Amino acid sequence: ASLNGLVARREAGRRMEALAAALLDLTGTMPIMHIREGDRAEGLVKLLQEEGSASLLVLATAVGSSPGPLVTYLMSNFGRGVRIPVTLVPGQLSESEIDAVT
């Protein structure tokens, strides 16, 4: 692996640890973390195919008129062995609006 790749992986690990700590504080449960390299959409579909414990996928849509490339890819490729419910959260919702519906 290149030096840039190692630095990026280390930074991704730090970000994931910070997010995991915040989720632990909010929910009392430590999340399972996965870090992969490559195309995000293809990697997510592959992870969901491999990981049998996922029970729900929650995605935020892009703010604006189109849903964004990740949501678009997932919705067009979701029949490929991924059998879990998907919740799309509109990107323009505020944190308090999201809290009101959860």
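The values are calculated or read from the model by the stated rules, or taken from the named source; none is laboratory data. The structure presented is a predicted model; accordingly, all values stated were derived computationally and were not measured. Note that we place each Cβ from the backbone using ideal geometry, even for glycine, and neighbour counts take in every protein chain shown. For accessibility, only protein heavy atoms count, side chains too; no ligands or nucleic acids. Shrake-Rupley method; radii C 1.70, N 1.55, O 1.52, S 1.80 Å.
For segment 80-102, how many residues meet the condition of being farther than 20 Å from SER55 by Cα and in contact with a Leu (Cβ under 6 Å, 6 or more places away or on another chain)?
Residues that pass the stated criteria total 0.
Residues that are open to solvent by 100 Å² or more (accessible area, probe 1.4 Å): find the helices (runs of 4 or more DSSP H) completely inside the chain holding 3 or more of those.
3-27, 40-50
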